């Protein structure tokens, strides 16, 4: 078995890079969904949600950068065009969402999709002892599980 400069198996690392690029693309769609609901939110909860959505899209932007840098660290090339993102996106693209409940539901659905991708990556990275990716996915998952709980609590 050949290993890369990090001591990770080459073939499995390439497969992991592909999955990280799918996650990167989906995070970009999530980010843009958040921007859209941040810009378009209306109603009596505007001030509360406008600030929360900004917090979430700023966090997503940081995570996008982290994922791209992990792809580079593993020797890959991060996807970086809208066409590439749309080609591998698995999340629903939201448009003209302005009502509070609908906006929060977009977030819940998106986080659910991201968690599925992250758990797949976590399993792959654990299988090859890639602690860097494991750690990043574990952090993402625990943060997003909490956000998901909070959004669902808000809906109820």
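Computed from the coordinates by the stated procedures, all read-outs in this text should not be read as laboratory data. This one's a predicted model, so the numbers in the text were calculated from it and none came from an experiment. No Cβ is skipped: glycine too gets one built from the backbone with ideal geometry, and neighbour counts run over all protein chains shown.
Just a few scattered comments:
Matching residues to (1) assigned to a helix (DSSP H, G or I); (2) more than 13 Å from the chain's Cα centre (by Cα):
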| residue | (1), (2) |
| --- | --- |
| 90 | no, no |
| 95 | no, yes |
| 106 | yes, yes |
| 113 | yes, no |
| 116 | yes, no |
| 123 | yes, yes |
| 138 | yes, no |
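- Filter pass, residue 63 being within 24 Å of residue 144 (Cα to Cα), in a loop (DSSP other than H, G, I, E, B), touching a residue at least 60 places away in the same chain (Cβ under 8 Å) and in contact with a helix residue (DSSP H, G or I) (Cβ under 9 Å, 6 or more places away or on another chain): no
- Residue 102 falls short on exactly one of the conditions (1) part of a helix (DSSP H, G or I); (2) over 18 Å from the mean Cα position of the chain (by Cα); (3) under 27 Å from residue 11 (Cα atoms), and that condition is (3).
- From the options 15, 69, residue that is without any contact (Cβ under 8 Å) to a residue 40 or more places away in the chain, more than 12 Å from the chain's Cα centre (by Cα) and under 21 Å from residue 124 (Cβ atoms): 69
- The set of residues from segment 23-40 being surrounded by fewer than 22 Cβ atoms within 10 Å (Cβ to Cβ) and closer than 17 Å to residue 154 by Cβ comprises just one member, 38.
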